[in-house]
Amino acid sequence: MLGHLPAIRLVDILDILLVAFIFYWILLFIRGTRAVEILLGLLFLMGVFLLSKKIGMVTFPWVIGSFFGGFIVILVVIFQSEIRRGLARMGQTRLFGWPPMSRGPDILEELAVSAFRLAESRTGALILLERNMGLSEYMEHGKKIDAVFSYELLASLVSPLSPVHDGAVVIRGERVAAVQIILPIPAESPATRGMGTRHRAAWGMATETDAISVVVSEETGIVTVFFYHQKKVASDAEELSGIMRKLFET
C-alpha cells in the first residue's frame with residue numbers, strides 16, 4: 001500500500017515551506033488591522049456561497065460567483081496598503097546579512113531623557129525615528145530642516161508657542177530632519193479605540209512603516225513608544241532608551 005504513495009522530493013518540502021512562509025507573513029502584516037475583519041467577511045461570504053450551491057440555489061451563487069470572478073483584483077484593491085507594507089517589509093529583510101540601521105547610544109539616551117523632560121512639563125509631542133523604511137513621503141507634508149538634535153531644540157519645536165508645534169518631528173540619523181508633519185489618522189479599530197489624535201497617528205505609523213514613534217501625552221504625562229503593531233508605556237528614560245536600542249539592533 002505504501003508503494004502507491006508518491007515519493008516526497010526536496011522541492012515538495014521547499015514548496016510547502018514557501019507557502020507556509022507566505023501565509024505567515026500575511027497573517028503577521030494584517031494582525032491588529034481592519035484587514036482581519038475584511039478577510040473574515042470575505043471568508044463568511046465564500047462559505048455562504050458554497051452552502052447556497054450545495055442546497056441548490058441559482059441566483060445567489062451566480063451573483064456571488066460573478067463577484068468572486070475577479071477575486072485577485074478584489075484582494076489587491078482591498079488590501080493594497082497591507083500589500084505595499086508587506087513588500088516593503090520583505091524588501092528590508094536582511095537576507096544577505098547587511099547590518100540594520102543603527103543609532104548612537106548618545107542620541108537614544110538624549111532623546112529618552114528629553115521625552116521625559118517634556119512629560120514633566122506636560123508638553124505634548126510626537127517624535128518619529130526613521131529606520132530602514134524611509135519617511136520622505138511623509139516629510140513632504142511638513143517643513144524640512146537639518147539640525148543636530150538636542151533637548152533645547154526639541155522643546156522649542158513642540159512648545160505650544162511654536163508656529164510648528166502641530167504635527168510630528170522626524171529624526172533621521174542623529175539630526176532633526178523635519179517638523180510639523182501631518183500624519184494620516186487610521187480609521188478607528190479595536191486597537192485604536194480610546195486613543196487620542198497623536199497616539200492614533202503613531203499607531204498608524206507603527207502599522208505602515210518600521211519607524212519608532214515616541215508620544216508624550218500633554219494630558220497625562222505618559223510616554224508611549226509605538227513599533228510594529230505594538231505599543232508600550234515607558235516608565236522612565238532608561239526603559240525608553242533600552243526599547244529603542246533593541247529595536248535598532250534588530
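Quick notes
- Here Lys143 is the anchor, and no lysines lie within straight C-alpha reach of less than 16 Å, apart from those fewer than 8 places off in the same chain.
- Values of log10 I(q)/I(0), in the order q = 0.10, 0.11, 0.19, 0.21 Å⁻¹, for region 105-249 under a Debye, Cα-only, solvent-free model: -0.28, -0.34, -1.15, -1.47
- Virtual spin-label span in nm between Glu218 and Lys232, 7 Å along Cα→Cβ: 2.8
- Under 5 Å from the amide H of Gly124 lie the amide H atoms of Glu218, each residue being 5 or more positions distant or on a separate chain, with H modelled from the backbone and absent for Pro and chain starts.
- Available extension along the chain between Asp106 and Ile13 is 28.8 nm, counting 0.36 nm per residue and deducting the alpha carbon span.
- Gain in span if fully extended, Ile55 to Ile22, counting 0.36 nm per residue against the direct Cα distance: 8.5 nm
- Gained length - Glu140 relative to Phe44, 0.36 nm times residue gap less alpha-carbon distance: 30.5 nm
- Point-charge dipole on Cβ atoms (K/R +1, D/E -1) for region 105-249, about Cα centre, debye to 20: 300
Every number in this text was worked out from the coordinates using simple rules, so none of it is lab data. Remember, predicted model here, so these are calculated numbers, not experimental data. Cβ atoms come from the backbone with ideal geometry, glycine included; neighbour counts cover every protein chain shown.
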